[in-house]
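Peer 1: Here it is, the structure, as structure tokens.
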2 protein chains.
Amino acid sequence: MASIKDVAAEAGVSVATVSRVLNDHPSVSDDARKRVLAAVEALGYRPNAVARSLRTDQTRTLGLVISDVMNPYFTELARSVEEEARALGYSVIIGNADERPDLQDHHVTTLLDRRIDGLLVSPTDGGSPRMLEAARGGTPMVFVDRWIPGLDVPVIRADGQAAVRDLVAHLHGLGHRRFAIIAGPAATTTGSERVEAFRAALAEYGLPLPDAYTGQGDFQAESGRRVTEGFLDLPEPPEVVFAADNLMALGALDAVRARGLRVPHDLALAAFDDIPWFVHTDPPVTAIAQPTGELGRAAVRALVDRIEGRPPQSVTFAARLVVRRSCGESPVTNRSQT
Amino acid sequence: MASIKDVAAEAGVSVATVSRVLNDHPSVSDDARKRVLAAVEALGYRPNAVARSLRTDQTRTLGLVISDVMNPYFTELARSVEEEARALGYSVIIGNADERPDLQDHHVTTLLDRRIDGLLVSPTDGGSPRMLEAARGGTPMVFVDRWIPGLDVPVIRADGQAAVRDLVAHLHGLGHRRFAIIAGPAATTTGSERVEAFRAALAEYGLPLPDAYTGQGDFQAESGRRVTEGFLDLPEPPEVVFAADNLMALGALDAVRARGLRVPHDLALAAFDDIPWFVHTDPPVTAIAQPTGELGRAAVRALVDRIEGRPPQSVTFAARLVVRRSCGESPVTNRSQT
DNA sequence: CACGTCGATGTAATCGATTCCAAGCCCTCA
DNA sequence: TGAGGGCTTGGAATCGATTACATCGACGTG
């Protein structure tokens, strides 16, 4: 592969001039510029980004460490992150942590070794050592979706409190009184926050959230299935199950179906994180939707601000309730039927 | 960030010795090794991968350019690719082409600029210029899923012919006679191959595949919806629609539902590419499943073989039919009901 | 006419590693 | 005792870029 030296030789100038042309530095004569460009064309020369990065100490690359690529929510997040990054002239390297702290650490380490300019993280747990180190060590960093308290790192997230309140109102209006939740890992902020929001919203109606109705999941479908089976085995099963993410909702749907029961007739179901597929499930699932694309774009902007020396800002978007049929007929339909 | 020089100074040795310890070169005294390791520990030193790459001319990074990250099939492919690559000591950078040749070219270009060691591609179209150039220029390269004929590049793919034949047999057994297909872009191999396999399988039953029943899609949900509406508007609509990918099947489902019709009662539906969600749709969708994980792993192995100087091999896996309920009751159930 | 200025260019240092080559040291064997 | 050989080790070149600094003409001005 041709190097800058080859181009310089071909054009009959020094490497400095070639470099100047390539970085359109002002003081280059038209003649030299023309000859360099012709040489570049003739040799099919492309600058070596590795060498450039070594010299300039910047890679124009962002690292994105997410908890689970197979989760459509994160896939969409990754996609919007890549788009915005590309628009700003950055590439992104995605690391999939699969909800495993050790993998998260592995990715943070290799990304740092590659000297990425900044790191976008949706932490799997309370924070793996390498990540905390990086955060404290001054690596430009931004948290998306989930975060770790006590660190001076901007957070871009969606607040689901209002939407959860809307959801509970919706469910209450439908006549449901026994509510259960499939929680995410307590170590993640989204894991604990969603339970709290749910509990608080229930409290407004004087409804409890008993321990027996609080199942511990891990954001994966299988755990949703397992927890739901536990609920169904109870002497008095809940009337509603609220899954703290989309995959666990899917598991819950499986569990209900496996018993020959039906949603929402035998058990109502709602989920946090809306995804295109929820429209097509049987029944379509009522969910709380985050503005995922906005989240990804805002996160990249914050990170790039930080990298380029501008003060980055934390941003919180609002999530909203999307009512479908998995919790029962909507009140309106209900009323018209009565 | 500490460099190898700092470590050398701290350990009281030369940078050459530090490098030797780090790459466990045999001729280093135990004493020196110990001092270097201690210095590394004390300074929290991590080698600069950028500098190393410049010197060794290898990045231990693979590029993966796929057509659409949001498609669960490709997400799963990407995941298995990353896993296998990690196991072999490589990282992977994913480029999402969004079925756009220009974006595909953009990613190929930046990946090449970064001097990745090899490229895994599922080409969007007949081949964008940069990609062809790279293929011919000797960049280690492997095609996954889709490929471009006439290039000396190994191909890792799944053959759906037998499965399509099984599908047609299944449909024929169910009594269907009017078959339609939503094809993918003709420029992609999977786009044209699947139509051909379908047509050939139908021919075995003396059944035609009229032009009116051959819709042109682009592997995206929206096109599936549009084409299906066209089918439904026909004086004599088909009895079965076979979508050449999962997203278009989803669009078809939408179209049918939007008219207040039902699958499979009013129109049977089958898809190429199985995904977890098809179990949960209403009704569950009959699909042809590829061994996606195998594909991804085999592709990485082939690419790494090529990179490390071993002869790479093309591999073809078999896809298989997964019968669910979107084409009607299965013959067995049928018989028992009769 | 001499001097300062400015634009265009080249030389060389530098980034952080790897690795070839030479040198130093110790040991063994003739 | 001296030559040769095996370990260790350090010096320095190198990878492909960027960029500070020096140089060299040409030009304008007093």
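Peer 1: A:Lys5 is checked against (1) more than 9 Å from DNA strand D (Cβ to nearest atom); (2) part of a helix (DSSP H, G or I); (3) open to solvent by 50 Å² or more (accessible area, probe 1.4 Å); (4) more than 12 Å from every other protein chain (Cβ to nearest Cβ) and fails just one. What number does that condition carry?
Peer 2: (1)
Peer 1: Condition check: away from every other protein chain (no Cβ under 11 Å), assigned to a strand (DSSP E or B), farther than 28 Å from A:Ser3 by Cα and open to solvent by less than 20 Å² (accessible area, probe 1.4 Å). Does B:Ala163 satisfy that?
Peer 2: No: the conditions fail for B:Ala163.
Peer 1: Has the range A:213-229 got any residue that is among the aliphatic types (A, V, I, L, M), more than 24 Å from B:Pro276 (Cβ to Cβ) and open to solvent by less than 50 Å² (accessible area, probe 1.4 Å)?
Peer 2: The answer is no, given that none of the residues of the range A:213-229 is among the aliphatic types (A, V, I, L, M), more than 24 Å from B:Pro276 (Cβ to Cβ) and open to solvent by less than 50 Å² (accessible area, probe 1.4 Å).
Listed here are the residues, each with its yes/no results for (1) open to solvent by 30 Å² or more (accessible area, probe 1.4 Å); (2) part of a strand (DSSP E or B); (3) without any contact (Cβ under 8 Å) to a residue 60 or more places away in the chain.
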| position | (1), (2), (3) |
| --- | --- |
| B:Thr59 | no, no, yes |
| B:Glu76 | yes, no, no |
| B:Arg79 | yes, no, no |
| B:Leu103 | no, no, yes |
| B:His107 | no, no, yes |
| B:Leu112 | yes, no, yes |
| B:Gly126 | yes, no, no |
| B:Leu132 | yes, no, yes |
| B:Gly138 | yes, no, yes |
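Peer 1: Could you tell me which residue of the range A:35-50 is nearest to DNA strand C (Cβ to nearest atom), considering only residues that are of a type in the set (D, E, K, R) and either within 11 Å of chain B (Cβ to nearest Cβ) or touching a residue at least 12 places away in the same chain (Cβ under 8 Å) (or both)?
Peer 2: Ranking the candidates gives A:Arg35 first.
Peer 1: What is the number of the single condition among (1) farther than 26 Å from A:Ala186 by Cα; (2) in contact with a Lys or Arg (Cβ under 8 Å, 6 or more places away or on another chain); (3) open to solvent by less than 30 Å² (accessible area, probe 1.4 Å) that A:Val144 does not meet?
Peer 2: Status for A:Val144: all satisfied but (1).
Peer 1: On the basis of being closer than 26 Å to B:His107 by Cβ, touching a residue at least 60 places away in the same chain (Cβ under 8 Å) and away from DNA strand C (no atom under 16 Å from the Cβ), does A:Glu84 make the cut?
Peer 2: Here the answer is yes, as A:Glu84 does meet what is asked.
Peer 1: Under 6 Å between Cβ atoms, at least 6 apart or on separate chains: pull out the pairs that start in the range B:291-312 with a residue that is without any contact (Cβ under 8 Å) to a residue 40 or more places away in the chain and end on any residue that is buried (at least 21 other Cβ atoms within 10 Å of the Cβ).
Peer 2: B:Asp305/B:Pro312
Peer 1: Still on this model: Regarding B:Val263, is this residue over 14 Å from B:Ile181 (Cβ atoms) and in contact (Cβ under 8 Å) with a residue 60 or more places away in the chain?
Peer 2: When the stated conditions are applied, B:Val263 passes them.
Peer 1: Also: For B:Asp6, indicate whether it is of a type in the set (D, E, K, R) and more than 8 Å from DNA strand C (Cβ to nearest atom).
Peer 2: In short, no.
Peer 1: Same structure again: With respect to A:Arg86, is the statement that it is more than 7 Å from chain B (Cβ to nearest Cβ), within 22 Å of A:Val304 (Cα to Cα) and open to solvent by 10 Å² or more (accessible area, probe 1.4 Å) true?
Peer 2: yes
Peer 1: Further question on the same structure: Scan the range A:259-309 for residues that are among the basic types (Lys, Arg) and either at pLDDT 95 or above or open to solvent by less than 10 Å² (accessible area, probe 1.4 Å) (or both) and jot them down.
Peer 2: A:Arg297, A:Arg301, A:Arg306
Peer 1: Here are the criteria: (1) more than 10 Å from DNA strand C (Cβ to nearest atom); (2) touching a residue at least 60 places away in the same chain (Cβ under 8 Å). Tell me which single one B:Gly63 does not satisfy.
Peer 2: Of the numbered conditions (1) more than 10 Å from DNA strand C (Cβ to nearest atom); (2) touching a residue at least 60 places away in the same chain (Cβ under 8 Å), the odd one out for B:Gly63 is (2).
Peer 1: Which residues, counting only those in the range A:259-280, are basic (Lys, Arg) and within 14 Å of chain B (Cβ to nearest Cβ)?
Peer 2: A:Arg262
Peer 1: Ok, one more. In the set A:Ala42, A:Ala78, A:Ala49, which member is touching an Asp or Glu at 6+ places or on another chain (Cβ under 8 Å), modelled with pLDDT of 95 or more and within 27 Å of A:Arg130 (Cα to Cα)?
Peer 2: Being touching an Asp or Glu at 6+ places or on another chain (Cβ under 8 Å), modelled with pLDDT of 95 or more and within 27 Å of A:Arg130 (Cα to Cα) holds for just one of A:Ala42, A:Ala78, A:Ala49, which is A:Ala49.
Peer 1: Just give me the residues in the range A:234-258 being within 14 Å of chain B (Cβ to nearest Cβ), of a type in the set (A, V, I, L, M) and open to solvent by less than 10 Å² (accessible area, probe 1.4 Å), in sequence order.
Peer 2: Listed by number, the residues that qualify are A:Ala243, A:Met248, A:Ala249, A:Ala252, A:Leu253, A:Ala255, A:Val256.
Peer 1: I would also like to ask the following. Which of (1) out of contact with any helix residue (DSSP H, G or I) (no Cβ under 7 Å at 6 or more places or on another chain); (2) more than 10 Å from DNA strand C (Cβ to nearest atom) is the odd one out, the single condition B:Ala16 does not satisfy?
Peer 2: If we test B:Ala16 against (1) out of contact with any helix residue (DSSP H, G or I) (no Cβ under 7 Å at 6 or more places or on another chain); (2) more than 10 Å from DNA strand C (Cβ to nearest atom), just (2) comes out false.
Peer 1: What tally of residues in the range B:10-30 results from selecting those that are open to solvent by less than 80 Å² (accessible area, probe 1.4 Å), part of a helix (DSSP H, G or I) and either within 11 Å of DNA strand D (Cβ to nearest atom) or farther than 16 Å from B:Arg55 by Cβ (or both)?
Peer 2: Of the residues in that region, 7 qualify.
Peer 1: On the given criteria, is B:Ser53 assigned to a helix (DSSP H, G or I) and within 12 Å of chain A (Cβ to nearest Cβ)?
Peer 2: Yes.
Peer 1: Something else about it: Any residue that is touching a strand residue (DSSP E or B) at 6+ places or on another chain (Cβ under 7 Å) and within 16 Å of DNA strand D (Cβ to nearest atom) - is there at least one of those in the range A:61-77?
Peer 2: Yes, the range A:61-77 contains a residue that is touching a strand residue (DSSP E or B) at 6+ places or on another chain (Cβ under 7 Å) and within 16 Å of DNA strand D (Cβ to nearest atom).
The values are calculated or read from the model by the stated rules, or taken from the named source; none is laboratory data. Quick caveat, the model's predicted, so the values are computed rather than measured. As a convention, Cβ positions derive from the backbone with ideal geometry for all residues, glycine included, and neighbour counts pool all protein chains shown. What goes into the accessible areas is simple: the full protein's heavy atoms, side chains included, and nothing from ligands, DNA or RNA. Shrake-Rupley method; radii C 1.70, N 1.55, O 1.52, S 1.80 Å.
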